[in-house]
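Here the structure comes first, spelled out in structure tokens, and everything after it is commentary.
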Amino acid sequence: MKRLLATLAAIVCCSMISTVFTACSDDDDKNSGDNMKPVAAILYYNMNVGDDMFAALDLTIEYYDGDGKLQSEKMTTKEWEKNITTQKLPATLGARLKAQLKAGFDVTSGEKFIAEYGYGYWGGAVNAAGEAVSTPAVNTSAHRMTMRVGEIAEWLERHPDGIVKFKWNIDANGKTTEGDWSVNAEGRSMGDSWE
């Protein structure tokens with residue numbers, strides 16, 4: 001009886017070891033070769049504003065699309081989001097929130113104005129299956145400032161290139177580095193044309 005139990009224990013032990021090595025082998029296959037080859041990039045954009053900003057400001061989102069072209073959309077609700085997938089690498093992805101006072105908005109009021117806004121993004125290089133193959137660029141942030149209505153124009157003047165802005169360059173190897181809004185997707189200086 002002891003010999004039978006020892007034999008069964010040895011078989012079970014060998015089966016478990018075989019399963020562990022097989023599982024490791026599958027993981028190694030997932031983390032090698034074409035499974036880790038970056039072929040495209042994705043970025044999820046999200047921006048939101050509070051009631052005061054939505055009522056007083058014309059809000060525009062500029063963002064890079066899947067072809068690396070700069071697009072522009074008016075913010076028609078208090079929350080805006082977009083999922084972008086590029087067709088190739090290298091790629092530039094990013095978005096910024098630009099604002100100006102609405103025509104006819106009364107800035108002489110002494111009332112309180114709450115500048116409340118937030119944003120989030122997640123993205124980076126992906127393989128052919130759409131799985132992340134490098135450390136993604138990730139951030140979420142929320143801001144709230146109180147000022148007088150008469151101070152809004154001065155606040156906006158301090159942010160001519162956007163209240164919120166984030167830009168990422170993903171190279172052919174999938175490495176993600178922070179970009180600069182003064183440079184376009186092809187690496188050329190944009191000068192004042194972006195302002």
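Do we find that Ala56 is touching a residue at least 60 places away in the same chain (Cβ under 8 Å), in contact with a helix residue (DSSP H, G or I) (Cβ under 7 Å, 6 or more places away or on another chain), under 22 Å from Ala142 (Cα atoms) and open to solvent by less than 20 Å² (accessible area, probe 1.4 Å) in this structure? The answer is yes for Ala56. For region 133-174, name all the residues that are acidic (Asp, Glu) and either without any contact (Cβ under 8 Å) to a residue 24 or more places away in the chain or under 22 Å from Leu57 (Cβ atoms) (or both). Glu151, Glu154, Glu157, Asp161, listed by residue number.
Which one is farthest from Lys88 (Cα to Cα) among residues in region 128-180 that are among the aliphatic types (A, V, I, L, M) and assigned to a helix (DSSP H, G or I)? The residue in question is Val149.
Is there a residue being modelled with pLDDT of 95 or more, over 23 Å from the mean Cα position of the chain (by Cα) and open to solvent by 60 Å² or more (accessible area, probe 1.4 Å) anywhere in region 9-32? Spell out how you get there, then give the answer.
We begin by selecting, within region 9-32, every residue modelled with pLDDT of 95 or more; these are none.
No: region 9-32 contains no residue that is modelled with pLDDT of 95 or more, over 23 Å from the mean Cα position of the chain (by Cα) and open to solvent by 60 Å² or more (accessible area, probe 1.4 Å).
Okay, residues lined up against (1) open to solvent by 70 Å² or more (accessible area, probe 1.4 Å); (2) within 27 Å of Asp171 (Cβ to Cβ):
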| position | (1), (2) |
| --- | --- |
| Met36 | yes, yes |
| Asn46 | no, yes |
| Ala91 | no, yes |
| Ala103 | yes, no |
| Gly110 | no, no |
| Asn127 | no, yes |
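Give me the residue from region 135-179 that is open to solvent by 50 Å² or more (accessible area, probe 1.4 Å) and of a type in the set (Lys, Arg) and, out of that set, nearest to the chain's Cα centre (by Cα). It comes out as Lys165. Close contacts from region 95-111, counting a first residue that is over 13 Å from Glu151 (Cβ atoms) and a second that is open to solvent by 70 Å² or more (accessible area, probe 1.4 Å) and in a loop (DSSP other than H, G, I, E, B), with Cβ to Cβ under 8 Å and a gap of 6+ residues or different chains, come to none at all. Across region 59-68, the number of residues qualifying as within 23 Å of Gln100 (Cβ to Cβ), crowded, with 16+ Cβ neighbours inside 10 Å and either in contact with an Asp or Glu (Cβ under 9 Å, 6 or more places away or on another chain) or polar (S, T, N, Q) (or both) comes to 3.
Taking Gly123 as the residue in question, decide whether it is surrounded by 15 or more Cβ atoms within 10 Å (Cβ to Cβ) and in a strand (DSSP E or B). Even if it seems obvious, please write down each step before you answer.
On the way: surrounded by 15 or more Cβ atoms within 10 Å (Cβ to Cβ): yes; in a strand (DSSP E or B): yes.
Answer is yes for this residue.
Selection of region 69-89 for residues being closer than 20 Å to Val133 by Cβ, outside any loop (DSSP other than H, G, I, E, B) and open to solvent by less than 90 Å² (accessible area, probe 1.4 Å) yields Ile84, Thr85.
Looking at Thr92, Thr76, which is the one that is of a type in the set (S, T, N, Q) and touching a residue at least 60 places away in the same chain (Cβ under 8 Å)? Before the answer, list the steps.
Numbers: Thr76 fails: touching a residue at least 60 places away in the same chain (Cβ under 8 Å).
Sole residue among the options that is of a type in the set (S, T, N, Q) and touching a residue at least 60 places away in the same chain (Cβ under 8 Å): Thr92.
Determine which member of the set Ala115, Ala132 is out of contact with any His (no Cβ under 6 Å at 6 or more places or on another chain), under 21 Å from Lys37 (Cα atoms), open to solvent by less than 60 Å² (accessible area, probe 1.4 Å) and not charged (D, E, K, R).
Values: Ala115 fails: under 21 Å from Lys37 (Cα atoms).
Just a single option satisfies the conditions, and that option is Ala132.
The values are calculated or read from the model by the stated rules, or taken from the named source; none is laboratory data. What you are looking at is a predicted structure, and each value in this text was computed from that prediction instead of being measured. Backbone-built Cβ (ideal geometry, glycine too); neighbour counts: all protein chains shown. Side chains are part of the model used for accessible areas, which takes the heavy atoms of the whole protein and leaves out ligands, DNA and RNA. Shrake-Rupley method; radii C 1.70, N 1.55, O 1.52, S 1.80 Å.
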